[in-house]
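Peer 1: One structure coming up, written as C-alpha cells, with questions to follow.
Derivation of every value follows stated rules applied to the coordinates shown; laboratory data play no part. Because the structure is predicted, anything quoted here is derived from the model rather than measured. FYI the Cβ positions are ideal-geometry reconstructions off the backbone, even for glycines, and counts take in every protein chain you see.
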Amino acid sequence: MLYPLTTPSRTLLDLSGLWKFMIDEEINPIDPKKPLPIEDVISVPASFNDQTASKKIREHNGFVWCETNFDIAKPLRSQRLVLRFGSATHEAWVYLNGKEITHHKGGFTPFEVEINDYLKDSNNRLTVKLSNILDYTTLPVGNYSETRDKDGHIQRHVDENFDFFNYAGLQRPVKIYSTPKDYIGDITVVPDVDLEKSNADIHIKVATEGHFDEVKVTLLNQDGVQVASGTGVDQTLQIVDAHLWQPLHAYLYTAKVDAIENGEVVDTYSEEFGVRKIEVKNAQFLINGKPFYFKGFGKHEDSYVHGRGFNEPVNVLDIHLMKDMGANSFRTSHYPYSEEMMRLCDREGIVVIDETPAVGLMTSFGFDVSMLESDDYQDDTWTKLKTAEAHRQVIKEIIDRDKNHACVAMWSIANEAATFSKGAYEYFKPLFDEAHELDPQKRPCTYTSIMMANPKTDNCISLVDVIALNRYYGWYVGNGDLETAERATRDELKEYSEKFPDKPIMYTEYGADTIPGLHSNYDEPFSEEFQEDYYRMASKVFDEFPHFVGEQLWNFADFQTKFGIQRVQGNKKGIFTRSREPKMVVRYLKNRWTNIPNFD
Ligand code: GCB
C-alpha cells in the first residue's frame, strides 16, 4: 500500500482539523443520513480521550461518532479520488453523504476507499462511527463485558488485557488523494547487495490498475542524480558502488515510477528505499555483514493531550533524544506506529523492530506476579482466544504497509503471549510461516517473551530468529534485590545460550518504575538511584554474553495506562518523563551507549 503523496500526477488533501464529535450512548439511534445532532468538536488526528474535561467521555467504552465537511475543487473531480485513514481505532464504519462506503477493523493500520461515486458538488459530509471495543477476537485483546443501567440501557466495559490506556479515535491523518483513472497501485522494492563488490541489485515490482503501454523505473540517488533505469513491471536494476543505508547513517535512494500511455506519463510515484542487508547468522544479528548491537527502547505512541494520536514534534524530539544518548533502535511496542514515524526512522537511520498489535494474548494474566517465577505455569489461552483471524489480517496489513522501509529490521509477531501454554505452537506456527512468506525482503521474525516462557517452558522458540526477552528480575520478581536479580539474569541467559547456541539473544524489555525527583539514601525501589543501579546490574550481565545482541529497555518515556494499584497516573518505567525530561539514569545510559561502538 502506497503512502499518500503529492506527485506530478497526484494531489493530496488533508482533512485534519476540528471534527464534530459525540459518544454514542445507544439510547437514541444515530442516523448517519442526517448531520450529527451535536456541535461539540475534537481535533483530528488525536485520541478523543484527553481532549475533554468529562470523565464520562474520556472513559467511554462502545461507539463514538466523528464528522467533518469538505469540498473537492472542480478540476479534481475527473480524477480517481481516494479517502484514506492512517488508522481508525479500533473499528470504523465510514459514511459519505449518508451512505456507508467502507468498514475496517483493526486500530493501527491504514485503509482506503474510492469516493467518486458518492461525492456531491459541494459540502460533502464525512461521518465515521468508531468502536473502541476490544475482546477475545480482537488485537489488542480486551476483557469485554456488558451490563444494564437502571433504565435498562446497555453499558459496555473494556478492561485492557495489557498495560497501556485504551486510547481511541481518529489517531492518525485522514486524507484524500487523487490519482489518474489508470494508476500505480503498489511498488515493492527488494535490495540485494553484494557486500564485497558493493553493487546492489534492486528488484522492483510495480502493480498497476488499468492499461499502460509501459512502466518506467528510474533510480535516483540522494542528490537526485539518476543511477539506473529500465522498463517493465517486474525488473532488476543495478546500482554500481551503492551507498549503503547504515544504522544512524541513513542513505535513501528513490525509485521513481512512471506509468506511460501513448508516450505520455500518466501516473508518477516516488518510493524511497535504502540499500542494506539484514541477516541472522552464527548467533549474530548482521546489518550489512557486520554484527549489530541494538541499543534503545520499547516505546509507546503516547503524549499529553494527543494521547496515542499522531504528534510529529514529539516523534522528532524522541528521535533526537535517542540519538543524543547513543541509541540506535526501538521496537514499535505494542502496535504498528504511524507511517510518518516509519518514514522518519528511514531518514534518521533508526533501526526498528516492527510489532503487530498482538498484545494481551494471555487469558490468565492478573495481579499475581508470582506466576512470573513459575516453571510449569499453564493457562487456557489458546482454547479461549479467537484472535487468529485478526492476527493473520494484521500481519498481512503491516507487511503490506511497511515492506519497503529500510528502517524495519525485524518483525515482532506478538508481545508476551502465552507461548508456554498448550496450543501456542499450533497457534503461532502458521503466523510465522505467513510472515516469512509475505515479506518480500525476508526479514527475521520474533516475538517478545514473558518471564514464564523460559528456556524450559517456552514452546515456540524454534519459530523465532532472535530470542527476545522481556525480563523484570529485581522489579516484579524479587523487587529491590539486585544481587539475586543479577544471578537470575545471568543463569537464565546462560541457559538460553547453551540450549540455543545458534540464536542471537536480546532483551526487549527490562526496567523499574521510577518517580522523577524521588531519591533514597538506601537505593529503594521507585527512587532514581534504584533505577540507575538496576540498569548497571543488567548491563554488567549483558556484557558477559557474546551472543547477546541488544538491549532495548522499558520504557523510553512514562506513559498512560488504565488505573490500578500498581500504577500512579500511568507506568513510570520511562527513563524520560511523559513530557520528555530526563530521569537521572539517562546520564549513565548515555555514557554506556556512546561507548559501545556503532559501525558506519
Ligand atoms: C511488560 C509489558 C509492557 C508493560 C511492562 C510493565 O512486560 O510488555 O506492556 O508495560 O511489562 O511495565 O509492566
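Peer 1: For the chain, which cysteines have no disulfide-compatible partner, meaning no other cysteine Cβ under 4.7 Å?
Peer 2: Cysteines of the chain left without a disulfide-compatible partner: C66, C445, C460.
Peer 1: When the Karplus curve 6.51 cos²θ - 1.76 cosθ + 1.60 is applied with θ = phi - 60°, which whole-Hz ³J(HN,Hα) does each residue of the range 385-395 get, with x for Gly and Pro?
Peer 2: So the Karplus estimates, Gly and Pro as x, are 6, 10, 9, 4, 5, 4, 5, 4, 4, 6, 4 Hz.
Peer 1: Next question, about the same structure. Report ³J(HN,Hα) in whole Hz for each residue of the range 311-318, in order, from the Karplus equation J = 6.51 cos²θ - 1.76 cosθ + 1.60 where θ = phi - 60°; Gly and Pro get x.
Peer 2: Values per residue, Gly and Pro as x: 9, 5, x, 5, 4, 5, 4, 4 Hz.
Peer 1: Determine, for each peptide in 243-254, 191-202, the mean count of other beta carbons within 10 angstrom over its residues, then list the peptides with the highest first.
Peer 2: Working: 243-254: 19.5, 191-202: 16.1.
With the highest mean Cβ count within 10 Å placed first, the list reads 243-254, 191-202.
Peer 1: Next up: Sort L36, L130, L12, L589 so that the residue with the fewest other Cβ atoms within 10 Å of its own Cβ comes first and the one with the most comes last.
Peer 2: L12, L36, L589, L130
Peer 1: Given the Cα atoms of the range 219-368, and with Rh set as the inverse mean 1/r over their pairs in the Kirkwood sense, what is Rg to Rh to two decimals?
Peer 2: Rg/Rh for the range 219-368 comes to 1.05.
Peer 1: Now, a different point. How much length is gained if the chain between N28 and N143 is pulled fully straight, taking 0.36 nm per residue apart and subtracting their Cα-Cα distance, in nm to one decimal? Please list the in-between numbers first.
Peer 2: Numbers: separation 115, 0.36 × 115 = 41.40 nm, distance 2.64 nm.
Contour length minus Cα-Cα distance gives 38.8 nm.
Peer 1: Across 5 Å bins from the origin, how do the percents of Cα pairs in the range 2-114 run, short distances first?
Peer 2: So the P(r) values, bin by bin, are 2, 9, 18, 23, 21, 13, 7, 4, 2, 0.
Peer 1: Which percent, to the nearest 5, of DSSP beta bridges fully inside the chain are antiparallel?
Peer 2: Working: 100 of 131 bridges.
The answer is about 75 percent antiparallel.
Peer 1: With 10 angstrom as the radius, rank H334, H203 by how many other C-beta atoms surround their C-beta, starting from the fewest. It would help to have the intermediate numbers written out before the result.
Peer 2: On the way: H334 25, H203 15.
Ranked by crowding around the Cβ, least crowded first: H203, H334.
Peer 1: Using the structure shown, select from K99/K256; K20/K572; K290/K562; K396/K422; K216/K503 the pairs with a Cα to Cα distance greater than 31 angstrom.
Peer 2: On the way: K99/K256 37 Å; K20/K572 34 Å; K290/K562 42 Å; K396/K422 26 Å; K216/K503 42 Å.
Pairs exceeding 31 Å: K99/K256; K20/K572; K290/K562; K216/K503.
Peer 1: Using the Karplus curve 6.51 cos²θ - 1.76 cosθ + 1.60 with θ = phi - 60°, what ³J(HN,Hα) values do you get for each residue of the range 71-78, in whole Hz, with x for Gly and Pro?
Peer 2: Ordered by residue, 3J(HN,Hα) equals 10, 10, 4, 3, x, 7, 5, 7 Hz.
Peer 1: Based on a Kirkwood Rh over C-alpha pairs, give the Stokes-Einstein translational diffusion coefficient of the chain at 10 °C and viscosity 1.306 mPa s in µm²/s.
Peer 2: Numbers: Rh = 25.3 Å.
Taking Rh from Cα pairs, D becomes 63 µm²/s.
Peer 1: OK, next. Which number do you get for Rg(Cα) / (2.2 N^0.38 Å) in the range 442-600?
Peer 2: Working: Rg = 16.0 Å, N = 159, 2.2 N^0.38 = 15.1 Å.
Scaled against compact globular proteins, the figure is 1.06.
Peer 1: No solvent, one uniform scatterer per C-alpha: report log10 I(q)/I(0) for the range 192-265 via the Debye equation at q = 0.18 1/Å, two decimals.
Peer 2: Once normalised to I(0) and log-transformed, intensities are -0.74.
Peer 1: So what is Rg over Rh here for the range 304-428, counting just Cα atoms and using Kirkwood for Rh? Each step should come with its number before you reach the end.
Peer 2: Values: Rg = 17.0 Å, Rh = 16.5 Å.
Ratio value, two decimals: 1.04.
Peer 1: For a quick check: with amide H placed at 1.01 Å from N, whose amide H comes under 5 Å from S329's, ignoring anything fewer than 5 positions away on the same chain?
Peer 2: Amide H neighbours of S329, under 5 Å, 5+ apart: K295, F297, V351.
Peer 1: Follow-up. What number do you get for the range 190-235 when its Cα radius of gyration is normalised by 2.2 N^0.38 Å, N = residues? Present the calculation step by step, with values, prior to reporting the outcome.
Peer 2: Values: Rg = 12.7 Å, N = 46, 2.2 N^0.38 = 9.4 Å.
Compared with the compact-globule rule of thumb, the range 190-235 sits at 1.35.
Peer 1: Output needed for the range 155-236: three equivalent-ellipsoid semi-axes, defined as square roots of 5 times the C-alpha gyration tensor eigenvalues, in descending order, whole Å.
Peer 2: Numbers: eigenvalues 308, 101, 33 Å².
Ellipsoid semi-axes (Å, largest first): 39, 23, 13.
Peer 1: Right, another one. With a ≥ b ≥ c taken as the square roots of the eigenvalues of the C-alpha gyration tensor of the range 65-196, please select rounded if a/c is under 1.5 and otherwise prolate if a/b is larger than b/c or oblate if it is not? All intermediate terms of the calculation are to be shown ahead of the outcome.
Peer 2: Numbers: a/c = 3.32, a/b = 1.28, b/c = 2.60.
Oblate.
Peer 1: Follow-up. List the extent of the Cα atoms of the range 229-296 along each of their three principal axes, largest first, rounded to whole Å.
Peer 2: 53, 23, 19
Peer 1: For a test of the definition: using alpha carbon positions, the gyration tensor, and the 1.5 limit on a/c, classify the range 466-522 as rounded, prolate or oblate.
Peer 2: prolate
Peer 1: Additional query: Label the range 183-308 by shape, choosing from rounded, prolate and oblate, from the square roots a ≥ b ≥ c of the eigenvalues of the Cα gyration tensor; if a/c is under 1.5 it is rounded, and otherwise prolate applies when a/b is larger than b/c, oblate when it is not.
Peer 2: On the way: a/c = 2.44, a/b = 1.39, b/c = 1.76.
Judged from the Cα gyration tensor, the range 183-308 comes out oblate (a/c at least 1.5, b/c at or above a/b).
Peer 1: Do the sum for the chain: with -39,500 (n - 2.57) for every DSSP H run of n ≥ 4, divided by all residues, what is the mean residue ellipticity at 222 nm, to the nearest 500 deg cm²/dmol? Write down the numbers at each step before the final one.
Peer 2: Details: 9 runs with 104 residues, N = 600.
Estimated from H runs of four or more residues: -5500 deg cm²/dmol.
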